[in-house]
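The values are calculated or read from the model by the stated rules, or taken from the named source; none is laboratory data. All values reported here derive from a predicted model rather than from experimental measurement. Here the Cβ is made from the backbone with ideal geometry for all residues, glycine too, and neighbour counts use every protein chain on show.
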Amino acid sequence: MSAVRHRFGRYGGQYVPETLMPALAELEAAWVQARDDPAFHSELDALLADYVGRPSPLYRAPRLSEAAGHPIYLKREDLNHTGAHKINNALGQALLARRMGKRRIVAETGAGQHGVAAATACALLDLECVVYMGTEDIRRQKPNVERMGLLGARVEPVEAGARTLKEAVSAAIRDWVANVQSTHYIIGSCVGPAPYPELVRDLQRVIGDEARAQVLEHAGRLPERVIACVGGGSNAIGLFTAFVEDEAVQLVGVEAAGEGLDTPRHGAPLTEAGLPGVLHGAFTAIMQDEDGQILEAHSISAGLDYPGTGPEHAWLRDSGRARYVAVTDEQALKAFERTARLEGIIPALESAHAIAWAIDSGFSELDLICLSGRGDKDLAEALALLTPGSAI
Amino acid sequence: MASASTTTGVERIAEAFARARSDGRRAALMPYMMGGFPSVELSREIAVAYAHSGADLVELGIPFSDPLADGPVIHAAATAALRAGATVERVLELAGAIAENDVPVIVMCYSNPVLARGYERFAAALVRAGASGLIVPDLPMEEASELRSVCDRHGLALVPLVAPTTPLERLAQIGATARGFLYAVAVTGTTGERAELDPALVARAAAHASVPVALGFGIATASQASAAADAGADGVIIGSRLVRAAGEADDPVAAVSELISEYAGALRD
Ligand SMILES: Cc1ncc(COP(=O)(O)O)c(C=O)c1O
């Protein structure tokens, strides 16, 4: 048994080219050492407090609660520096890279939030940063592309396939294969080969650890449902982990149903529950055809536009501990607008999926939703679609 | 020459390496092709041309949507092949066309298409198609034992890879599991032509393997092929250069044949 979990039930593993295997072993060893090192934690905790602004608030959303007909609490990861939960992971991994003596960072990004977080951490720690991003995502998340440039990162456009997150991850992995001695790959979600799924979870579990204590303090009870959107699944696993042992608390992951689960244009491998397979180094829930070719995902939100998911989620689904549902582009867009109007909060389109499900899914004594990020990056895209007469 | 039906894939691979030597070759010539590229039809002609112009063994690539170990040329070829209608089944039909010429075929396929069929069904399909071995570039030692026993039962060689980054102790462990040959990756990186190559891994790999060692990734010119043989490689694998020729040339079949003849010449004693 390794010090870091490689398998979650049958899921996970390390399906990568041999060239990377020593780097994965090195990363695992570095993480095992760092996570038990008080000096590492005090540096990370200080940055999370003074630089990121943690703990992020837990906010009871009164008008959303009224609209839903039950209490809704939002875990405000949108208030973090750089505007999403991604910074929790990026900072932790950048500190780890520095410990390993690696001064060059590669990252992938879909919505641009992880790219911005990685670029920010690299600026802070004086590391070189290259971010791979599909050209379709460069188009729809323009403000984040400009931020990364200003922060000193180089954004490498990726033209392959559907020019979205899947191809950006592949391009980042190829770069890492070629530059593995000098480079650390800061993966943006709890996906990829071991030790990444557990490493990213451990760096994101601060979301749930804080939220659990906060909800007990504010509401004097645990939530009935804990809800988060799932792209790769990092904000969801970060929130769920603190509640896994609380058997009465339902864990709900909300995937992108895109244009509908009855069409091929979605990003919901967990909900669809087809044959599992290997994508980006892990055996997990994926979208594939009968020949084992990976299918292109689709979602209005670039961060959920991914045909795979974290292996721990596939395992939580099979074990019945968590359940996974999906919300369409249209429902998410409506929740995006509603949250703005009712609460004065513009959520990321990703997070709007979780809100949409909570509002539309019947009574609950208390819903705790991860508001994983803010929607500034989505304004142009969403406003074009919300304009009367435009397609949606 | 024994026919494919009475010998195992592992035996056919061993014979091919031995035959290359006895025919006066310093190393076996092992060209790679992308099945279904530039089209399924043309790739059948290319397959036959490989066998006729001097290949000792052929690596037959099954196109995959997300080939993490491949550089731009082979990645683009895989994308084009899939777009042109290549499937696992149609690519495996090419194996027979090559194997008919007594040239063993090693199928190169990423994990997921193998898993989608299931190890047992995939191995059985390879045997039916006349293939002799299998390379799975994203299936390292830690994940390979189940597929290896399935391949063993079918007489297929599951060929592992070692890289310049592989530490010695691990190299020995991988070498001990090798069937058919050991694939030494010449570069720290993905597939693709390189101007400079360091074949030093060959000697390290050979010290830890009881099977032949083939060097691949980056080799593009006849003189690089020759240098690989000089460094002690038992086999020389050439991929991107040939795939590029298949995609660029007005007459892809003539272009790859000419290149293979050149490599074959360079590997002569
Ligand atoms: C705000 C926000 N939420 C959620 C996600 C999805 O990622 P994950 O499922 O890893 O939390 C992203 C990804 O870009 C994001 O930017």
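If you go through segment B:125-143 one residue at a time, do you hit one that is within 12 Å of chain A (Cβ to nearest Cβ), β-branched (Val, Ile, Thr) and touching a Ser or Thr at 6+ places or on another chain (Cβ under 8 Å)? Checked against the condition, which is being within 12 Å of chain A (Cβ to nearest Cβ), β-branched (Val, Ile, Thr) and touching a Ser or Thr at 6+ places or on another chain (Cβ under 8 Å), segment B:125-143 yields at least one hit. Could you list, in sequence order, the residues of segment A:175-205 that are more than 21 Å from the chain's Cα centre (by Cα) and either more than 21 Å from A:Arg98 (Cβ to Cβ) or of a type in the set (Gly, Ala, Ser) (or both)? Once the filter is applied, which keeps residues that are more than 21 Å from the chain's Cα centre (by Cα) and either more than 21 Å from A:Arg98 (Cβ to Cβ) or of a type in the set (Gly, Ala, Ser) (or both), segment A:175-205 yields A:Val177, A:Ala178, A:Ser182. Across segment A:143-154, a minimum of one residue is classified as more than 14 Å from the ligand (Cβ to nearest atom) and surrounded by 22 or more Cβ atoms within 10 Å (Cβ to Cβ). Taken over segment B:200-239, the criterion of being under 29 Å from B:Ser257 (Cβ atoms) and either in contact with a Cys (Cβ under 9 Å, 6 or more places away or on another chain) or assigned to a helix (DSSP H, G or I) (or both) is satisfied by B:Val202, B:Ala222, B:Ser223, B:Gln224, B:Ala225, B:Ser226, B:Ala227, B:Ala228, B:Ala229, B:Asp230.
Scanning segment A:167-195 for residues that are closer than 19 Å to A:Leu304 by Cα and either in contact (Cβ under 8 Å) with a residue 60 or more places away in the chain or away from chain B (no Cβ under 14 Å) (or both) turns up A:Ala168, A:Val169, A:Ser170, A:Ala171, A:Ala172, A:Ile186, A:Ile187, A:Gly188, A:Ser189, A:Cys190, A:Val191, A:Gly192. Comparison of A:Ala30, A:Ala34, A:Ala3, A:Ala46 shows that the only residue that is at pLDDT below 95 and more than 14 Å from every other protein chain (Cβ to nearest Cβ) is A:Ala3. A Cβ distance below 6 Å, combined with a sequence gap of six or more or placement on separate chains, defines the contacts here; from segment B:240-256, residues that are over 14 Å from B:Gly61 (Cβ atoms) reach residues that are in a helix (DSSP H, G or I) and charged (D, E, K, R) in the pairs B:Val253/B:Glu45. Looking at segment B:129-158, which of the residues that are of a type in the set (D, E, K, R) and touching a helix residue (DSSP H, G or I) at 6+ places or on another chain (Cβ under 8 Å) is farthest from B:Gly216 (Cα to Cα)? Here the residue is B:Arg153.
Rundown of residues vs (1) within 14 Å of the ligand (Cβ to nearest atom); (2) away from chain B (no Cβ under 14 Å); (3) in contact with a Leu (Cβ under 8 Å, 6 or more places away or on another chain), yes/no style:
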residue: A:Met287; (1), (2), (3): no, no, yes
residue: A:Thr339; (1), (2), (3): yes, yes, yes
residue: A:Ala356; (1), (2), (3): yes, yes, no
residue: A:Asp367; (1), (2), (3): no, yes, no
residue: A:Leu371; (1), (2), (3): yes, yes, yes
residue: A:Ala380; (1), (2), (3): no, yes, no
residue: A:Leu386; (1), (2), (3): no, yes, yes
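Being under 22 Å from B:Ala178 (Cβ atoms) and buried (at least 18 other Cβ atoms within 10 Å of the Cβ) is a description that does not apply to B:Ala266.
One residue alone among A:Arg76, A:Arg139 is within 16 Å of the ligand (Cβ to nearest atom) and without any contact (Cβ under 8 Å) to a residue 12 or more places away in the chain, and that residue is A:Arg139.
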